[in-house]
1. Restrict the check to segment 53-65 and report whether at least one residue is among the aliphatic types (A, V, I, L, M), outside any helix (DSSP H, G or I) and within 25 Å of residue 90 (Cα to Cα).
2. Which one is nearest to residue 93 (Cα to Cα) among residues in segment 20-34 that are in a helix (DSSP H, G or I) and at pLDDT 80 or above?
3. Working carefully through the options 47, 62, 30, find the one that is out of contact with any helix residue (DSSP H, G or I) (no Cβ under 8 Å at 6 or more places or on another chain), over 19 Å from residue 144 (Cα atoms) and of a type in the set (Val, Ile, Thr).
4. Among what's in segment 101-148 and is of a type in the set (Lys, Arg) and modelled with pLDDT under 95, pick the residue that is nearest to residue 42 (Cα to Cα).
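The values are calculated or read from the model by the stated rules, or taken from the named source; none is laboratory data. Predicted, not measured: the structure shown is a model, and the values here were computed from it. We place every Cβ from the backbone using ideal geometry, glycine too, and count neighbours over all the protein chains shown.
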Amino acid sequence: MNKQMVKRVALGAIALLVGIQLIPVWLVQTNPPVKAEPAWDSPRTHTLLQRACFDCHSNETTWPLYSRIAPVSWLVTLDTIRGRGHLNFSEWGTASQGRERVRSANDMIEVITNGSMPPSNYLLLHPAAKLNDAERQDLINGLRATFK
């Protein structure tokens, strides 16, 4: 490829990156009011869940700067929408969440135990969400006590 072609491709890529910023996913990056949370067995359980789970599974998401820049914003927003749709601690008292409480508790314990939550791609940018073995066990015990 000659220099002229490389320059056109680079300018096209830059124009594309600038252009995709105009897709306003930030309009759906909201934090609706918290309706109800479970009655946690202890502040420790709540703190561990906030640290490791609440960004995707509550209405208390922290939207960092990179979540405003496409295409990363699309992925972050989609993950949060899916996470809230699957399990939302901020809407625990609603009918849709209430029916699933015991199943959700067992599912939570399973994904924490097998290490699939929090997901590794989330932990890359949120290392504070990583739980050590003792914290993971405290969280599992707290979930069992909360949802017994």
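1. No, the conditions are met nowhere in segment 53-65.
2. Initially, segment 20-34 is screened for residues in a helix (DSSP H, G or I), giving 20, 25-28.
Now narrow it down to the ones that are at pLDDT 80 or above: 25, 27-28.
Details: 25: 28, 27: 26, 28: 23 Å.
Filtering segment 20-34 for residues that are in a helix (DSSP H, G or I) and at pLDDT 80 or above, the one nearest to residue 93 (Cα to Cα) comes out as 28.
3. Numbers: 47 fails: over 19 Å from residue 144 (Cα atoms); 62 fails: out of contact with any helix residue (DSSP H, G or I) (no Cβ under 8 Å at 6 or more places or on another chain).
Step by step, each of 47, 62, 30 is checked, and only 30 is out of contact with any helix residue (DSSP H, G or I) (no Cβ under 8 Å at 6 or more places or on another chain), over 19 Å from residue 144 (Cα atoms) and of a type in the set (Val, Ile, Thr).
4. Checking each candidate, the answer is 144.
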